[in-house]
Amino acid sequence: MEEVARVVPAPADMGTAVIGVPEGDDLTLGLRLESVMEGVLVSGVVRGTAVGECVRCLDPVSQQVTVRVQELFAYPERAQAAEESGDEDAEDEPVLVDDQADIEPAVRDSLVTALPFQPLCRPDCPGLCSVCGARLADDPDHHHDLVDPRWSALQTMLEDSSVSDETKES
Ligand SMILES: [Zn+2]
Ligand SMILES: [Zn+2]
């Protein structure tokens with residue numbers, strides 16, 4: 001058994017279209033490599049900082065992600081033997097290549113799953129005004145008066161009328 005603590009530059013595509021760990025940024029690995037009968041079991045924790053944009057207001061979002069990874073890498077002889085014996089699952093199982101375990105796919109899978117599907121700068125982000133695009137968080141009372149002259153004529157009529165809201169709805 002061996003323990004590995006290492007900081008590595010993130011490979012490309014560590015995330016989704018909206019949020020992810022930028023290529024070259026630090027990924028901190030804390031891994032344990034265990035020799036088991038079939039091969040080497042790699043397990044541990046990977047940490048990085050994902051950056052993206054709030055889907056509502058487009059402000060930058062940055063959040064730390066910590067994911068667990070666990071993957072068994074078979075010895076090449078074992079994998080080959082399993083394949084030859086007709087074990088169909090063996091084909092998809094990761095294999096040690098020149099005594100190296102490529103954990104990148106496992107890290108990517110865990111990381112992408114852990115990232116928010118729709119990142120938000122804060123849970124109650126009010127987003128942008130649908131009319132002018134202003135940030136509603138800066139101006140919660142923000143609203144637009146109807147400026148179209150045809151509508152303003154109608155508005156005057158409504159304001160002048162003594163009809164209450166209740167009767168208007170029915
Ligand atoms: Zn936001
Ligand atoms: Zn507006």
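Taking the Cα centre of the chain as the origin and placing charges on Cβ (Lys, Arg +1; Asp, Glu -1), which of Gly44, Gln63, Ala90 is farthest toward the positive end of the dipole? With unit charges placed on the Cβ atoms, the residue in question is Gln63.
If R0 is 30 Å, the Cβ-Cβ spacing of Asp98 and Thr49 corresponds to a FRET efficiency of close to 0.40. Spin-label model, His144 to Val18: label points 7 Å out along the Cα-to-beta-carbon direction sit 2.4 nm apart. Within the shell of other residues whose beta carbon sits under 14 angstrom from the beta carbon of Arg56, the net charge comes to -2, with Lys and Arg scored +1 and Asp and Glu -1. The C-alpha atoms of the chain define a longest principal axis, and helix 104-114 lies at about 30 degrees to it.
Computed from Cα positions, the angle between helix 149-160 and the longest principal axis of the chain comes to roughly 70 degrees. Residue separation of Glu2 and Ser62 scaled by 0.36 nm, minus their Cα-Cα distance, works out to 18.3 nm of gained length. Taking GluC sites (Glu not before Pro) in DSSP loop conformation with at most 15 other Cβ atoms inside 10 Å as exposed sites, the chain has its longest uninterrupted site-free stretch at 39-170. Rg/Rh for segment 2-114 to two decimals, with Rh computed the Kirkwood way over all alpha-carbon pairs. Dividing the radius of gyration by the Kirkwood radius yields 1.08. Between Ala81 and Ala114, the simple label model (points 7 Å from Cα in the Cβ direction) yields a spacing of 3.5 nm. FRET efficiency for the pair Leu33 and Asp124, taken as 1/(1 + (r/R0)^6) with r the Cβ-Cβ distance and R0 = 25 Å, rounds to 0.05.
FYI, it's all coordinate maths here, none of it is from the lab. Computed from a predicted model, the values in this text were never measured in an experiment. For neighbour counting, all protein chains shown are included, and Cβ atoms are generated from backbone atoms with ideal geometry for every residue, glycine included.
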